[in-house]
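Enquirer: First, the structure itself, so that you have it in front of you.
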Amino acid sequence: MAPFEPVRAIERGLSVLRLVSEMGPATATELARAAGLPQPTVVRILETLIKSGYVYRLSDGAKFRVTGRTKTLSSGYDATSRLVQLAEPLVEDLRAKIGWPSNLATREDDAMVIVYTNRNAKGLSIPGRLGARIPLLATAVGIVQLAGLPQDELAEQLARLRASKERWDVEPEIWEGLDERLAAARHDGCAFAHERYLDDVYQSQIWAVAVPIVVKGKTEAGLSSLVLRDAGPRKAILAKILPHLKETADEIGRILSSET
């Protein structure tokens, strides 16, 4: 599968969902014609959307309409979709420069969500998926996100995490030295995933470093690079990749700042 095939599949799915919303009730034939896609492809997309709860089939069995669940997609959609649209080519260029894959993640409620990844491309096959929720306290992208919060918002966020029932939100070892990790992230402009988390989730195969994407003074996302532990000395690899990682994050933030 080509590196961008999953992205194209998502784009086709969103295109069909948009057409159902605009044209509905509509038949698969009508939707295929409007989308410029083969009808079997559209039928498969519709079945997926039905299973996901975004589309339903009318009683006549031939036409489709969107469900009320589609309203949930509007929350934060414009900002995140523009971030991904802008970041995708820049993150792919980053991969070519540093030789390692990256995750782009944004904060959603009390976790980070991977909104773009190329981690399964070009030979590094590590568990992970687009849309995955990952913890704030244990991940590099989570720490740069927390480090960029105003103190009052940070205090509220940490209070919610302390009351959480999720393992990585309450693991005592993750909380140890948190203030120092946040201070280092602010001072250095980068953060690292917690070793306990890496040991447990990835069996210590990788280490990860992340930098913030800042838009008009506000941290909107985290951009990370993932490196195999046996690739060489961390200090030498970090010296190579960190400048490019920061440069890419700064460019994304600069363009988004100019648009808002």
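The values are calculated or read from the model by the stated rules, or taken from the named source; none is laboratory data. Since this is a predicted model, take the numbers as computed values, not measurements. So basically every Cβ, Gly included, is an ideal-geometry build from the backbone, and we count neighbours across all protein chains shown. SASA here: full protein model, heavy atoms, side chains in, ligands and nucleic acids out. Shrake-Rupley method; radii C 1.70, N 1.55, O 1.52, S 1.80 Å.
Enquirer: Please arrange R167, R229 by accessible surface area, largest first, computed with a 1.4 Å probe and ligands excluded.
Expert: Sorted descending by solvent-accessible area, the residues read R167, R229.
Enquirer: Also: With label points built 7 Å along Cα→Cβ from the Cα atoms of Q39 and E11, find their separation and express it in nm.
Expert: Taking the simple label geometry, Q39 and E11 are separated by 2.6 nm.
Enquirer: Among rounded, prolate and oblate, which fits region 143-221 when a ≥ b ≥ c are the square roots of the eigenvalues of its C-alpha gyration tensor, a/c under 1.5 means rounded, and a/b larger than b/c means prolate?
Expert: Verdict is oblate for region 143-221.
Enquirer: Further, regarding this structure: Given the rule -39500 (n - 2.57) for each run of at least 4 DSSP H residues, summed and divided by the residues of the chain, what is its mean residue ellipticity at 222 nm, to the nearest 500 deg cm²/dmol?
Expert: Roughly -16500 deg cm²/dmol at 222 nm, from the helical runs in the chain.
Enquirer: Short version: ³J(HN,Hα) in whole Hz for each residue of region 206-214, in order, from phi by Karplus 6.51 cos²θ - 1.76 cosθ + 1.60 (θ = phi - 60°), x for Gly and Pro, what are they?
Expert: 10, 10, 9, 10, 9, 10, x, 9, 10
Enquirer: Another one. If the chain were replaced by its equivalent ellipsoid, with semi-axes equal to the square roots of 5 times the Cα gyration tensor eigenvalues, what would those be, largest first, whole Å? Present the calculation step by step, with values, prior to reporting the outcome.
Expert: Working: eigenvalues 264, 88, 63 Å².
Result for the chain: semi-axes of 36, 21, 18 Å.
Enquirer: If you don't mind, there's one more thing I want to ask. Please list 3J(HN,Hα) in residue order for region 87-103, calculated via the Karplus relation 6.51 cos²θ - 1.76 cosθ + 1.60 where θ = phi - 60°; whole Hz, with x for glycine and proline.
Expert: 6, 3, x, 5, 5, 5, 4, 4, 4, 5, 6, 9, x, 10, x, 9, 10
Enquirer: Per residue of region 192-200, in order, report the coupling 6.51 cos²θ - 1.76 cosθ + 1.60 (Karplus, θ = phi - 60°) as ³J(HN,Hα) in whole Hz, putting x for Gly and Pro.
Expert: Once θ is set to phi - 60°, the couplings for region 192-200 become 10, 5, 5, 4, 4, 5, 5, 4, 6 Hz.
Enquirer: Could you please state how large a percent of the accessible area of the chain is carbon and sulfur, counting protein chains only and using a 1.4 Å probe?
Expert: For the chain, the apolar C and S fraction of the accessible surface comes to 53 percent.
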